[in-house]
Each structure stands twice: as C-alpha cells, then as structure tokens.
1. Here is a check on your reading of the model: is A:Lys55 surrounded by 13 or more Cβ atoms within 10 Å (Cβ to Cβ) and more than 9 Å from the chain's Cα centre (by Cα)?
2. Spot the failing condition for B:Ser264; the list is (1) closer than 30 Å to B:Gly432 by Cβ; (2) in the same structural domain as B:Phe312 (by TED's automatic domain parsing); (3) touching a Lys or Arg at 6+ places or on another chain (Cβ under 8 Å), and only one is missed.
3. Restricting to segment B:52-82, name every residue that is over 19 Å from B:Glu111 (Cα atoms), of a type in the set (A, V, I, L, M) and out of contact with any strand residue (DSSP E or B) (no Cβ under 6 Å at 6 or more places or on another chain).
4. Being without any contact (Cβ under 8 Å) to a residue 60 or more places away in the chain, out of contact with any Gly (no Cβ under 8 Å at 6 or more places or on another chain), more than 14 Å from chain A (Cβ to nearest Cβ) and buried (at least 19 other Cβ atoms within 10 Å of the Cβ): is that true of B:Pro413 here?
5. Take segment B:212-239 and flag every residue that is farther than 19 Å from B:Ala184 by Cα and touching a Leu at 6+ places or on another chain (Cβ under 6 Å).
6. What's the number of the only condition in (1) in contact with a Lys or Arg (Cβ under 9 Å, 6 or more places away or on another chain); (2) more than 13 Å from chain A (Cβ to nearest Cβ); (3) surrounded by 24 or more Cβ atoms within 10 Å (Cβ to Cβ) that B:Thr391 fails to meet?
7. Could you figure out which of (1) touching an Asp or Glu at 6+ places or on another chain (Cβ under 8 Å); (2) touching a residue at least 60 places away in the same chain (Cβ under 8 Å); (3) surrounded by fewer than 22 Cβ atoms within 10 Å (Cβ to Cβ); (4) within 14 Å of another protein chain (Cβ to nearest Cβ) isn't true of B:Gln370?
8. Across segment B:440-461, what is the total count of residues that are under 17 Å from B:Asn279 (Cβ atoms) and of a type in the set (A, V, I, L, M)?
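The values are calculated or read from the model by the stated rules, or taken from the named source; none is laboratory data. Because the structure is a prediction, the values reported are computed rather than measured. Cβ: placed from backbone, ideal geometry, glycine included. Neighbour counts: every protein chain shown.
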Amino acid sequence: MAKVEATIVGIVSKILVSIGEEIQNGQEVLILESMKMLIPVESTKNGKVKAIHVKESDFVNEGEVLIELEEIS
Amino acid sequence: MLFEKRESHSLEGSRKMSELNEKSKRLQLGGHSKYHERSAEQGKLFVRKRLELLLDEGSFVEDGLFANSIEEELPADGVITGVGKINGSVVCIMANDSTVKAGSWGKRTVEKIIRIQETAEKLRAPLFYLVDSAGARITDQLEMFPGRRGAGRIFYNQVKLSGVIPQICLLFGPSAAGGAYIPAFCDVVIMVDKNASMYLGSPRMAEMVIGQKVSLEQMGGARMHCSVSGCGDFLAKDEPDAIRIAQLYYSYLQKSNGMDFESSDTLDSLTSIIPKEQNVPFDMKQVIHALVDQNSCLEIKELFAPELITAFGRLEGKSIGIIANQSKIKGGVLFGDSADKAARFITLCDAYQIPLLFLVDVPGFMIGTQVERAGIIRHGAKMIAAMSEATVPKISVIVRKAYGAGLYAMAGPAFEPDCCIALPTAQIAVMGPEAAVNAVYHNQIQALEPEEREPFIQSKRMAYQEDIHIYRLASELIVDVMVEPEDLRNELAKRYDLYSEKQLDFSRRKHPIYPV
C-alpha cells in the first residue's frame, strides 16, 4: 500500500484529489500551509486514491499519512 | 678487456630490466583473477582503469608499486599512490585496490597514504581519494593502527590539509569503520549507487552488538547517505559517472579565466518565473539556470535538504558558489539540515576563493517542538557563523521575501555582503504581514466584534506592507541597489569583476568557538 505523507508540520490547506481518482508519480495531491507558505505535497507513486485521512484545516505532523493509494495493476 | 667488461655489464643490466619489467607488470595486475571477476560482476572497474578514466593520458607517475612485494598476495600493498594531471593541472591520487585483500590497510598501505598526503601538501595539489576498502587488516593492527604513523595520522593530515588543498573522495565500494572518516574529512564525497557504502559498524556487527537486523543499503548505502545523513554529496549511477562528476566538480575549482561562455537564453523569462505573491511556491532552479552561463550549474547535495540549493555555477566563465532558498520544497524554510548544508558549502567556497551568491526567498527558520528539540538554534548559528566569516566577494540578492533570522543567515546587509541587491518583488521584514498583524494586534482583534475584525486586520496589513515596502527600504539605504530581473545577470557579472581584488581579514584570532 503506497502512502502520501506530510512533508512538513502544518495545516491542511487544500485537498486536490478525491477517492477513486487515479494519480501519477509527481502529481500534487494536497497543499499544506506552514510558516505562512503554501507547500504542495506530491505523490511519489502511481495509484488510485483509496483513502484520505485528513480534511481541510486539520493540523498534521511531518510524516503523518495523508492519503493512501491502491496500486493499479 | 675494458670493452668486454662493459658488454657484460650491459647484458646483466638488460636481464635485470626485463626481470624488473616482469615484476612491475605482475604487480600492476593487482590481486587474484577471481577477485577481478567478482568486482566485474558488481559493475566495478579495476583500480587502474579508474585512474585511466580520471587522469590525463600518460600523466601518472606511481610511487610504492613494490610496497610489500615480498608478499606474493599483496601487490602494492593494496593501494596505488602517485601524481598525475587532470585537464592539465597536477593532482595527487590515493586509490584502494579492492582485488588485494579487499583493499584493506596494512602497515605499508597506511605509510603510502600518509606519504601522498605529504606530497600533496608540498605540491599544493588536490588529493583525490578513490576509496574501495574493507578497512584495517586486523592481523597487522599493531603496525598500522595505533602508532605515530598509523592510520590515525591519515585523518590528522586530512584535517590539517582541509581548506589548504581540495580533498575529493570517490567512493566505489565500502568505507568501513575507521575508514569511513576518509570521506568524512574530504570536501566532497561522490558515491556510486548500490556499490558505495559508509558505516562505522557493519550490519553483521550491528546484529551481534546491538541486536539490530538491517541491510547494508539501509545501514550505510549511497542513496541513504546522499539523501538522509548528508555524508554523501553526489549519487553517481555508475563508476564512469562518478569519475565524470569528480572531473566536473574539480573544473569549478580550477582557474577559469578566459573560458568561453554563452549567456542563458531564459533570462527574459525571469519576471514571469517569480510570483508576486510571497506564499506561492516556484522553482528557484529556473532562476539559477537563467542567471549562470549556459550549461554551467553543478548542484551539490542535490538530494539532501533540497529546500536549500547549493550549487557551483559560472558567470562569464568564472566560478561562483550559489546558496538559494527553494520555495518549491518545504516552502524554502530553513531547517537544521539545510543550515548545515549551507554552512559547509560556504566554507568550501570561501576556502578556495570562489565568490558567493545568495538568492534569498526565505520565510525564516522553522519553528515548532520537533526542530527545537533537534537544536535548530545551534544549527542555524553554524550557517550564520560560516556566512559571517566568509571573506570572498559576497553578494545577496533579495529575490522575494527575507524574513526574520532568514535575512541574517542569507547574508543580509548587517553581514557585510559587498552589496545587497533587491528585485522589485523583494520584501524584508521581521515577519510577513499576516503574522506581524496577528502578533502586534492580537488583543485588540480579540476585543473587536467578529464582523469588525477582518476590515481591521486588512487595514493594518496594508499599513504594514507600506512600512516594509522595498522602495522605502532602498530609500533608507538598507538595500544598495534595485534591479529588474532581466538585468540581474549583467549586474552580478560586473560587480563580481569589480570586487575580485577584495581584501578582507575577518579576524586574526586563533579560531572562533564553533557553534556545532
């Protein structure tokens, strides 16, 4: 199971994908806000969005799992 | 009679020569063929082939080929040392031969390494360490480990030579236990993916001593060191790639006056690359590529702490060292690792007279419990100390925001840059308008009716923006010059040329107390 993790501690500013959507390696899936900067989080795998564990305005720690992906066969 | 005697001498001589040639050739073959085969299976080149690729053809002279030649199985005692040339410049070489007892160190191996260090110091020539060694030969420990000219002296010499001559490490195989300090004391470490490794304790030892079970790659693999620990600077895809990187790296340290160059063809696009909003990420690498000569950018520690870019580049053929905030990654915020990365790169450039360019777009140092516990203050202090002490020509360009101690760390006006240049998008402040209004007016905002808050905040933000407007800062002489992005390359090239004879003694004390 591939995961997309928070790259920095901060607040979830915007979620750019929805469940079931197919995403590519390198695609921006979520924007975090930290230190007053908008920080895009990219997927490091190809896959289909299986679960989104956060909602907008949530606080997240670095390394926290934001999105889970299902690998596409 | 006399004639006959001479003839017999000459015959004896030629017999000796042929014996010498034969012995030399045998020694040059290194270890047993089975070890050569094993190396080839791992994608490794024989050490003499590595030297052939690295050095100018026919330039190499070797010392100590006969070291330990009484022992059949230890040609050259497992290390090749000598002097040659790269691109016409004299360089010294130490190269482990992993086909000879896995490149391990015996008494004469260590002596040869120490001697080539001494030679490099005398010649003021860079020393390339081609490392592929299992570490100490435990059976020879008394002769090679503890004494005055034991292995410790190699590291002592490295420390002494640091900043005097470039020390460049190409890591082709393991660099184990004490041997791992050779790369650690070099200026730069190029690691071959999959084959290179560095560790104090092997996975086998870790399992035995602390019960941890991990792979060699996890413990000290090239990718881990280049992206996580920061002990590696370049991740090479194979050995020829590592050698190409070493040559390229060294080319930036060589005098490059009169080199042909072409301007970048993307300079005109700079205005469109840099967003006007302070919080929107963009790719600072595009700015660097637009500023430097075409095809003249070599990023160092590209995979480590990428929120800060450190790179060599050339401006009108001359080398510069670039330190730039990358808002695309972690907002370009400075972390402990990015501060360490910057500190090291700044000292590298300063040691070898490479002028510095700071491209500033920094929201500040990271805050929060995680970084405080990791000592972000002392890490940040390292960067600020290194930048303060650098006496090479030093220019800071405020590309966008320069907030808080980020301004200081990126060679802000108080840190004696030769000039501080602002682009029209520049903004300098203790903190950005949003954070500042909240900090100053928090109690007042809370006391207001909810519907009154937003207009109040907006008006205070506007006033704050006016207060820190870049024209106001230029009017107060905080920045020295304002330029359009399209004119920046030209402005920088002119200024580095004018500042090239800069003389500055930062201090004559013995040394500072380093923040570490």
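1. Values: surrounded by 13 or more Cβ atoms within 10 Å (Cβ to Cβ): no; more than 9 Å from the chain's Cα centre (by Cα): yes.
No.
2. (1)
3. B:Leu53, B:Leu54 - these are the residues of segment B:52-82 that are over 19 Å from B:Glu111 (Cα atoms), of a type in the set (A, V, I, L, M) and out of contact with any strand residue (DSSP E or B) (no Cβ under 6 Å at 6 or more places or on another chain).
4. Values: without any contact (Cβ under 8 Å) to a residue 60 or more places away in the chain: no; out of contact with any Gly (no Cβ under 8 Å at 6 or more places or on another chain): yes; more than 14 Å from chain A (Cβ to nearest Cβ): yes; buried (at least 19 other Cβ atoms within 10 Å of the Cβ): yes.
No, not satisfied.
5. Here is the first cut: in segment B:212-239, the residues farther than 19 Å from B:Ala184 by Cα are B:212-215, B:237-239.
The one that is farther than 19 Å from B:Ala184 by Cα and touching a Leu at 6+ places or on another chain (Cβ under 6 Å): B:Glu239.
6. (3)
7. The single condition B:Gln370 does not satisfy is (2).
8. We begin by selecting, within segment B:440-461, every residue under 17 Å from B:Asn279 (Cβ atoms); these are B:457-458, B:461.
The next check asks that each one be of a type in the set (A, V, I, L, M); those that pass are B:457.
Final tally of qualifying residues: 1.
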